[in-house]
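Heads up, the thing below is written out as C-alpha cells.
The values are calculated or read from the model by the stated rules, or taken from the named source; none is laboratory data. Owing to the predicted nature of the structure, the values given are computational and were not obtained by experimental measurement. Don't worry about glycine lacking a Cβ; one is built from the backbone with ideal geometry, like all the others, and counts go over all protein chains shown.
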Amino acid sequence: MSDSEPVVVVGAGPVGLVTALLLARHGVPAVVLEAAARRDPSGSRAICFQRDVLDVLDRVGCAEPMIARGVTWTTGRTYHRGDELFAVTFPGAGRGAVPPWINISQAEVEARLRDLAAAEPLVDVRYGHRVGGVRQDEEGVEVRAEGGGAVRGTHLVGADGGRSAVRELLGIGFPGRTFADRFLICDIRADLPFPSERRFYFDPEWNPGRQVLVHQCPDRTWRIDWQVPADLDLDAERRSGALDARIRRITGGAPYEIVWATVYRFHERCAAAFTSGRAFLAGDAAHLYAPFGARGLNSGIQDAENLAWKLALVRRGLAPHGLLHSYDTERRAAAEENLRVTTRTMEFLVPQTPDQRARRLAALEAARTHPDPRTIIDSGRLAEPFWYLDSPLTTPAGPGEDFPRGPGAVRPPVPGVLCPDGRCVVDGEPTRLRRLFGTRFVVLTQGERAGGLPTDIPHRVHALDGIDTGGVLRTALRAGPDTVHIVRPDGHLAAVLPSYDPEAVAAALHRACGRY
C-alpha cells in the first residue's frame, strides 16, 4: 500500500474525527468526508464521558481541556416519588488522575476535535461532501461524493450516524427496534441548588407515572430528560405554557432560560456486520442504543480506538489483513452486550407488556426495604469497557483462572480486560501508565529483560522495577514476582504470562497482531 494513500472516513462527528486523529498518531493520513456544509452546534446531545474514553481522547490531545471545562461527578442517585432508593458512588480520580465521569456537551467536544483536525497535516476534513457511491477492489476503495468527485483510499470507515449512507451502500442490514415512547430533552441555564450528580427520578409528582433524569453541565446549564406521552407536541407545549410549567416544577422560582429543546424516540439496533471487505462501520452507523447508561458515544469512541491501531499495523505491513477481521469480532460482541444491557433498561423504564409493568411496579415498591435495591432497579447501567476475553487476539489465561464476568463485575487484570492505570516514572518523567499506550504494544516485566522479541512488531519493554516507584502498578496489576503483562495499543491486556519466556512473549505478540 502507498503510505500517501489515505483512509477515507465518512462522517465528521466525534467518532469520525477521533478515528482520523488516532490514525494520524500512527502516521496514517485520512480524508474525512462530511455531508453537511457545517455541523449543527446546537444542543447537548451526548454529554457523559467515561473515564476510559477520556484516556482515548487524551491520546488525541482533547481530554485535558475537556476535564478542566466539564462537570465532574462521582455519584448517581435514584429516587422513587419522593424517596431516595439508592446511590452509586464511583471511585474518584485517585491514582489514575482521570475522573470517572464528566459532563460536557457533544457539540463542544466536536469543536475541540475539529480544531485538532484542522491543525493536523495528516487529516483532511471536507464538508459538503455527501457520499453517493462506494466501490472496492483488491487494492483499495473509491468513494464518490456528490459535488466532490471520487476519493481513493486503502480503506473506508463509515462513521456517518444512524442513517449511515455507507451502511446502506454496502448493503448491510440494521435490525432492531424503535421504542414508541417519546422523551423530551431540555438544556436550561439556571442557578439551581443541586449538587453535581446524576439524578434519576421514577414517578416524581411533577411527572407522574414516568421518569426524569437530571445532569449538570458547564456554564450553569442543566440537562433534563423527561419521559413524555407519545403524542406530545413541543411547539404546542411552548405556546400553552406547559413547557414552562414542566420546567418550573424542577427549578422552582429560580429564573432560567431554555438553551435547547427537542423530542425524540430511542432506537435499539446493531448492524448485521461491522465490516465488508475494506470497509468498516463505527459509532451510530454500527449500533444505536437508548442513552440511559451513556453507552452510545462512549462505545463509538472505543470503536475508533479498536480499529485505528489495526488499520495502522496492516497498512505498514506489520500485520496480515486478517487482523482487521477481529474488529467485527470484538466490537460486535461489545455492541451486542450493550444492546442486552440497554434493552433491559428500556424494558424497565418503559415496560411494553402487562407483565413488565407489574414487575416494575413490584420492584419499585420492594426497593424501599430491599437490602440492595440496585439489584432490582434499573435506571441505566452505566457504560464500561468491554472485555475481549474470547477474542482470537487474546492469549487465554492459565488453567484454573476463575473470575466474575458481565456488567458490573470487578475487572481483574486478566487477558482481555482494559489494563488498569496508575502513576509511574518513565525516562525520568512522572506520567500515568495509560499514557504509554496508543501507538505500540507495551510489555511490562518484573526487572530488566532483553532480547528474543520480534523486531517487526512495534513494542516497548518496561521493567516495573524501574517505572513503578511506589508499587502502585504492581498492586493494580496483581503482579507476581515473575509475571509479564502484554498490553495492546488500545490498552487491553493481550496476555498475562507467569514468567518471562521470550518465545511465549513473542507468541502472544504475534497472536495479538492477527498472526494465529
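Computed quantities for the displayed model
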{"read-out": "Single residue of Thr431, Thr483 found to be in contact with a Pro (Cβ under 9 Å, 6 or more places away or on another chain) and of a type outside the set (A, V, I, L, M)", "value": "Thr483"}
{"read-out": "Unmet requirement for Ser379, which otherwise passes all of (1) buried (at least 16 other Cβ atoms within 10 Å of the Cβ); (2) modelled with pLDDT under 90; (3) closer than 21 Å to Phe86 by Cβ; (4) of a type in the set (Gly, Ala, Ser)", "value": "(2)"}
{"read-out": "Residue within the range 133-154 that is in contact with a helix residue (DSSP H, G or I) (Cβ under 8 Å, 6 or more places away or on another chain), under 21 Å from Cys48 (Cβ atoms) and modelled with pLDDT of 95 or more present", "value": "no"}
{"read-out": "Subset tally (residues that are over 13 Å from Ala282 (Cα atoms), surrounded by 21 or more Cβ atoms within 10 Å (Cβ to Cβ) and touching a Phe, Trp or Tyr at 6+ places or on another chain (Cβ under 7 Å)) for the range 295-344", "value": "4"}
{"read-out": "Residue match in the range 349-361 (condition: surrounded by 20 or more Cβ atoms within 10 Å (Cβ to Cβ), touching a residue at least 40 places away in the same chain (Cβ under 8 Å) and in contact with a His (Cβ under 7 Å, 6 or more places away or on another chain))", "value": "no"}
{"read-out": "Conditions (1) touching a His at 6+ places or on another chain (Cβ under 6 Å); (2) more than 30 Å from Glu336 (Cα to Cα); number of the one not met by Ala245", "value": "(1)"}
{"read-out": "Members of the range 150-191 that are assigned to a strand (DSSP E or B) and within 16 Å of Ala36 (Cα to Cα)", "value": "Gly158"}
{"read-out": "Residue check for Arg449: within 16 Å of Pro498 (Cα to Cα), surrounded by fewer than 17 Cβ atoms within 10 Å (Cβ to Cβ), touching a Pro at 6+ places or on another chain (Cβ under 7 Å) and not assigned by TED's automatic domain parsing to the domain that holds Ala312", "value": "no"}
{"read-out": "Near pairs, Cβ below 7 angstrom, 6+ apart or cross-chain, from the range 434-448 (on the phi > 0 side of the Ramachandran plot) to any residue that is of a type in the set (D, E, K, R)", "value": "Gly438/Arg25; Gly438/Arg59; Gly447/Asp465"}
{"read-out": "Strands (runs of 3 or more DSSP E) enclosed by the range 1-102 - at least 1 residues per element that are in contact with a helix residue (DSSP H, G or I) (Cβ under 7 Å, 6 or more places away or on another chain) and not β-branched (Val, Ile, Thr)", "value": "30-34, 48-50, 75-80, 83-89"}
{"read-out": "Only listed residue being over 30 Å from Leu324 (Cβ atoms) and in contact with a helix residue (DSSP H, G or I) (Cβ under 6 Å, 6 or more places away or on another chain), chosen from Ala180, Ala190", "value": "Ala190"}
{"read-out": "Filtered residues of the range 462-494 (kept if surrounded by fewer than 18 Cβ atoms within 10 Å (Cβ to Cβ) and of a type in the set (A, V, I, L, M, F, W, C))", "value": "Ala463, Ala476"}
{"read-out": "Selection count, the range 62-82, where residues are surrounded by 16 or more Cβ atoms within 10 Å (Cβ to Cβ) and over 18 Å from Pro99 (Cβ atoms)", "value": "3"}
{"read-out": "Failed item, numbered, when Glu34 is tested on (1) out of contact with any Phe, Trp or Tyr (no Cβ under 7 Å at 6 or more places or on another chain); (2) at pLDDT 95 or above", "value": "(1)"}
{"read-out": "Per-region count, the range 338-389, residues over 27 Å from Phe90 (Cβ atoms) and either in a loop (DSSP other than H, G, I, E, B) or β-branched (Val, Ile, Thr) (or both)", "value": "3"}
{"read-out": "Residue count, the range 400-424 (criterion: at pLDDT 90 or above and part of a loop (DSSP other than H, G, I, E, B))", "value": "8"}
